[in-house]
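Heads up: the structure comes next, in structure tokens.
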Amino acid sequence: METIGVGLLGFGTVGRGVFEALAMNGDLIAERTGVRLQIVRAAVRDLAKTRVHPAGVPLDFFTDRAADVIADPRVRIVVEVMGGLDETQAHLEQAIRAGKTVVTANKALLAERGRAIFELAAREGVAVFFEASTAGGIPIIKAVREAFVANHFTSFHGIINGTSNYILTRMTEAGLDFAQALQEAQAQGYAEADPTLDVNGWDAAHKAILLATLAYGIWIDPAQLSVQGIDSVGAEDIAFAKQLGWRIKLLAGIRVQPDGGVSVGVHPTLIPQDHVLASVNGVFNAIALHGDVVGDALFYGRGAGSGPTASAVISDLADAATALFSKSVPRCSGVRPHSLYGRIVPPDDVTSRFYLRLAVEDTPGVLGQIASALGRHGIGISSALQPEQHDPAGRAQLILMLDRARSGQLRAAVREIESLPCVQPPAKLLRVETLKG
Ligand code: NAP
Ligand code: HSE
């Protein structure tokens with residue numbers, strides 16, 4: 001049986017997970033794939049860092065120079081699990097130019113710079129795999145690219161950031177505050193090195209870009225997306241939503257509009273409490289998609305952490321090993337742009353229902369002024385809630401569930417409402433998605 005040398009760029013949560021899973025299940029993987037995968041070198045940032053030296057590897061297994069791993073003649077597949085943008089892009093391009101097959105879990109890099117990397121790989125005839133970049137252990141990249149190749153996708157709705165979902169779950173179920181819940185997620189290895197991307201929605205947005213790029217064959221500029229993170233959700237919003245029969249989830253939505261444009265966005269969203277996505281909790285991710293041939297399909301699994309991500313990386317390694325024996329770049333790698341879809345819908349033109357929470361003076365006529373302002377923008381109210389309790393400044397909380405409106409139209413109405421003397425800005429605005437149709 002042939003042994004294929006693998007080099008790791010990074011030996012943290014994911015890199016160590018890959019090493020350990022291959023050590024645990026290497027024989028099984030070899031039986032299934034017909035090749036033995038052997039990690040021969042790993043790059044880390046800090047050689048002096050205290051770390052448990054993995055069993056059975058030589059003392060010079062670690063290097064602090066990624067270039068050493070890429071240039072190592074034993075390494076035929078380079079696995080990038082170190083994160084980062086500029087320097088990491090340079091390493092991947094160096095690996096591609098050296099003819100090494102690439103596996104990466106780096107969604108930020110692929111969403112921001114993927115076009116350059118995939119185009120270089122196509123020119124060089126090198127395969128690039130990225131299953132671990134999106135939704136951790138869920139094989140959604142493979143599903144979209146391979147299993148559902150027969151379909152026009154109508155929509156994707158996904159909970160695709162494990163850290164945000166973990167934080168929202170702990171805030172909802174255990175009453176933890178945001179900082180405590182984030183600390184737990186970091187300790188479990190779910191969060192990014194800089195968790196800002198988890199809580200501001202951009203980690204999920206990067207994954208949504210990759211899914212939409214694969215599904216619709218278009219390169220997407222991140223600046224075209226509307227992205228809002230869970231840092232905009234207060235404990236009171238979670239409680240009010242619950243009272244009204246909804247759950248708040250960080251939801252990535254990708255949808256084909258009637259004119260063929262594609263809307264892509266990430267927002268904390270109220271979804272019905274009896275919808276299956278509402279019961280996706282903790283680090284779990286789920287993606288509900290609709291294809292015109294297959295109909296509805298649902299994927300569920302752990303979205304972050306060492307084991308689930310290692311499982312996805314190793315599935316890529318198995319494909320990468322097979323690709324080494326084929327004469328052409330396999331269809332299960334890279335991204336193939338096509339010409340059937342071409343337009344991302346500007347965020348202001350995307351329609352949704354909305355939840356609006358306002359701190360208002362508790363005087364007669366206030367609701368009328370707000371309803372009039374919404375009416376001037378053509379926006380209807382479907383229900384309203386005003387709890388008896390007031391905030392410490394004596395203001396009342398007014399929660400309005402609004403009818404479907406264009407985002408741009410709604411934002412203009414909210415600007416007008418925030419300027420009313422009876423309203424204390426800022427207004428809190430969240431999306432509402434019934435997930436029907
Ligand atoms: P991590 O635990 O912070 O590990 C990063 C590893 O890369 C460490 O071993 C670090 O070295 C090494 N490294 C960082 N900069 C380096 C450099 N300039 N040169 C050489 N080595 C360098 O990160 P992680 O959680 O494993 O995530 C790695 C990648 O996988 C990221 O792109 C992340 O977005 C992605 N990902 C993570 C998960 C997850 O659940 N954690 C899931 C899916 C995808 P030291 O050990 O010396 O610090
Ligand atoms: N930080 C990411 C998350 C890791 O929490 O989902 C998985 O991509």
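Quick notes on this structure:
- Coordinate range of the alpha-carbon atoms in the stretch 276-332 per principal axis, descending: 45, 34, 9 Å.
- Shape box of the chain [Cα atoms, principal axes, largest first, Å]: 80, 49, 35
- Peptides 291-299, 231-239 ordered by average Cβ neighbours within 10 Å, highest first: 231-239, 291-299
- Linear extension gain, Ala55 paired with Gln94, 0.36 nm per residue minus alpha-carbon span: 11.1 nm
- Shape descriptor for the stretch 1-135: Rg over Rh equals 0.95 (Cα atoms; Rh from the Kirkwood inverse mean 1/r).
- Each listed q (0.22 Å⁻¹) maps to a log10 I(q)/I(0) for the stretch 93-188, found by the Debye formula over equal Cα scatterers with no solvent: -1.11.
- Shown for the stretch 184-254: the carbon plus sulfur share of the solvent-accessible area, taken with all protein chains present and a 1.4 angstrom probe, equals 48%.
- Share of carbon and sulfur in the accessible heavy-atom surface of the stretch 348-432 [1.4 Å probe, %]: 51
- Estimated at 0.36 nm per residue, the fully extended path between Leu340 and Gln183 surpasses their Cα-Cα distance by 52.1 nm.
- Calculated mean residue ellipticity at 222 nm for the chain: -10500 deg cm²/dmol, from DSSP H runs with n ≥ 4 weighted as -39500 (n - 2.57), summed, divided by the residue count and rounded to 500.
- For the peptides 38-51, 258-271, the ranking by mean Cβ contacts within 10 Å, running from highest to lowest, is 258-271, 38-51.
- Sparse packing (at most 11 other Cβ atoms within 10 Å of the Cβ) combined with a DSSP loop state is found for the following chymotrypsin sites (Phe, Trp or Tyr not before Pro) in the stretch 318-419: Phe325.
- Derived scalar couplings ³J(HN,Hα) [the stretch 74-82; Karplus, 6.51 cos²θ - 1.76 cosθ + 1.60; whole Hz; x for Gly, Pro]: 6, 7, 9, 10, 9, 9, 9, 9, 10
- Viscosity 0.692 mPa s, 37 °C: Kirkwood-radius Stokes-Einstein D of the stretch 72-133 over Cα pairs, µm²/s: 290
- Taking a point 7 Å out from the Cα of Asp403 in the direction of its Cβ, the residues of the stretch 337-357 whose backbone N falls within less than 14 Å of it are 352-354.
- Percent of beta bridges antiparallel (DSSP, the chain, rounded to nearest 5): 65
- Protein heavy-atom accessible surface, 1.4 Å probe, per residue over the chain: 43 Å².
- For the pair the stretch 103-160 / the stretch 332-400, the C-alpha centres are spaced 33 Å from each other.
- Protection proxy ranking for 386-392, 342-348, using the average of other Cβ atoms within 10 Å per residue and placing the highest first: 342-348, 386-392.
- The stretch 143-301, Rg to Rh (Cα coordinates; Rh as Kirkwood inverse mean 1/r): 0.97
The values are calculated or read from the model by the stated rules, or taken from the named source; none is laboratory data. Remember, predicted model here, so these are calculated numbers, not experimental data. Here Cβ is always computed from backbone atoms with ideal geometry, including for glycine, and neighbour counts include all displayed protein chains. Note: areas computed on protein heavy atoms with side chains; ligands, DNA, RNA excluded. Shrake-Rupley method; radii C 1.70, N 1.55, O 1.52, S 1.80 Å.
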